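What follows is a short report on a single structure.
The values are calculated or read from the model by the stated rules, or taken from the named source; none is laboratory data. Because the structure is a prediction, the values reported are computed rather than measured. Counting neighbours? That spans all protein chains shown, and the Cβs are built from the backbone with ideal geometry, glycine included. Accessible surface areas use protein heavy atoms only, side chains included; no ligands, DNA or RNA. Shrake-Rupley method; radii C 1.70, N 1.55, O 1.52, S 1.80 Å.
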Amino acid sequence: MARRRQLYEGKAKILFEGPEPGTLVQYFKDDATAFNAQKKGTITGKGVLNNRISEFLMLKLAEINVPTHFIRRLNMREQLIKEVEIIPIEVVVRNIAAGSLAQRLGIPEGTRLPRSIVEYYYKNDHLGDPMVAEEHITAFGWASPHDMDDIIHLALRINDFLTGLFLGVGITLVDFKLEFGRLYENDEMRIVLADEISPDNCRLWDSKTNEKMDKDRFRRDLGKIEEAYQEVARRLGILPEAGSRDLKGPETMQ
Ligand code: UDP
């Protein structure tokens, strides 16, 4: 059988042509990068876990009527998604000061923010994903004011929902990054949640110990990265039945 046509390879995922028009296959790699790809590595089993975690969270969000690109998981490392026009903005929602916000504004990491803060970064590797304001986004036409209304509304709903969901399993949702896309269906356009939601793009701290359970373990060389991702999946009740031995997943694609 001919291999599927690869459309795009990113740092952590590959997109292939889907089986039907308007669909894509999203393949999750074990590769990890940080600091605009200056730091590179592999986290064994990460792709398998992120595929499962993102599936779980996208399905939960669909239950509260958050539109997403997710259709279904195909196998250990792949999921079928709807093809969308990606809006070139990273939407970061923060509940607790950490990472770049803590550094930029000199707020000690771990400080609870007076209210949730939404930030935007222009997706451009050459420029190092600079922070932008809504004004830049609408002035340069990356998204319309109407798109932005939908995006902010969805981002805050997703934050409220995921904060509660994670709290229920003893995890504090510190901050996370979302990407949105435009989905065209019967002459209508809808903004939908795209990309993935996983410990690669969330900060997740154990609610009791504040231990980091996310990609900061890789960024900051804290060790036990695989274990942290597995623990997130385990707490969400979605660790593959066979346990961690199988986390490498199939080496070949369908
Ligand atoms: N984030 C991401 N991709 C990026 C930048 C940030 O997924 O290119 C996520 C990151 O994992 C964290 C949140 O967005 O959960 C906020 O990241 P921050 O701005 O603090 O940047 P960092 O410290 O990761 O450079």
Among Leu101, Leu127, Leu162: highest mean-square fluctuation, GNM of the chain, C-alpha pairs under 10 Å: Leu127
Amide H proximity to Thr68 below 5 Å, modelled H, separation 5+ or other chain, gives Leu193
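Over 22 Å between Cα atoms, which of Lys11/Lys39; Lys29/Lys82; Lys82/Lys215 qualify? If you can, show how the numbers build up before the last one.
Numbers: Lys11/Lys39 11 Å; Lys29/Lys82 19 Å; Lys82/Lys215 26 Å.
Lys82/Lys215, as the Cα separations exceed 22 Å there.
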Just need the relative contact order of the chain here, percent rounded to a whole number, with Cα pairs under 8 Å and 6+ apart. 19 percent
In debye, nearest 20, what is the charge dipole magnitude of the stretch 102-228 about its Cα centre with +1 on Lys and Arg Cβ and -1 on Asp and Glu Cβ, if you could check? 620 debye
Might you tell me the accessible area per residue for the stretch 1-42, computed with a 1.4 Å probe and given in Å²? 63 Å²
Under 5 Å from the placed amide H of Val132, counting only residues 5+ away or on other chains, we find Tyr120, Tyr121, Tyr122
Give the long-range amide H neighbours of Leu113: residues separated by 5 or more places, or on another chain, with amide H under 5 Å away, using H modelled in the peptide plane at 1.01 Å from N. Ile96, Ala97
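With +1 on the Cβ of every Lys and Arg and -1 on the Cβ of every Asp and Glu, and nothing else charged, how large is the dipole of the stretch 62-108 about its Cα centre, in debye rounded to the nearest 20?
Numbers: 6 positive and 5 negative charges, 35 e Å.
With Lys and Arg at +1 and Asp and Glu at -1, about 180 debye.
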Return the carbon/sulfur percentage of the accessible area of the chain, one whole number, probe 1.4 Å, all protein chains in place. 50 percent
Quick calc: nm separation of the 7 Å Cα→Cβ label points for Thr138 and Gln103 -> 3.1 nm
Förster radius 41 Å - calculated FRET efficiency between Asp187 and Arg220, Cβ distance, rounded to 0.05: 0.30
Helix-only mean residue ellipticity at 222 nm, the chain, DSSP H runs n ≥ 4 weighted -39,500 (n - 2.57), per residue, nearest 500. What is it? -8500 deg cm²/dmol
Cleavage-rule hits, chymotrypsin sites (Phe, Trp or Tyr not before Pro), the stretch 78-157, DSSP coil, Cβ neighbours within 10 Å at most 16: Phe140
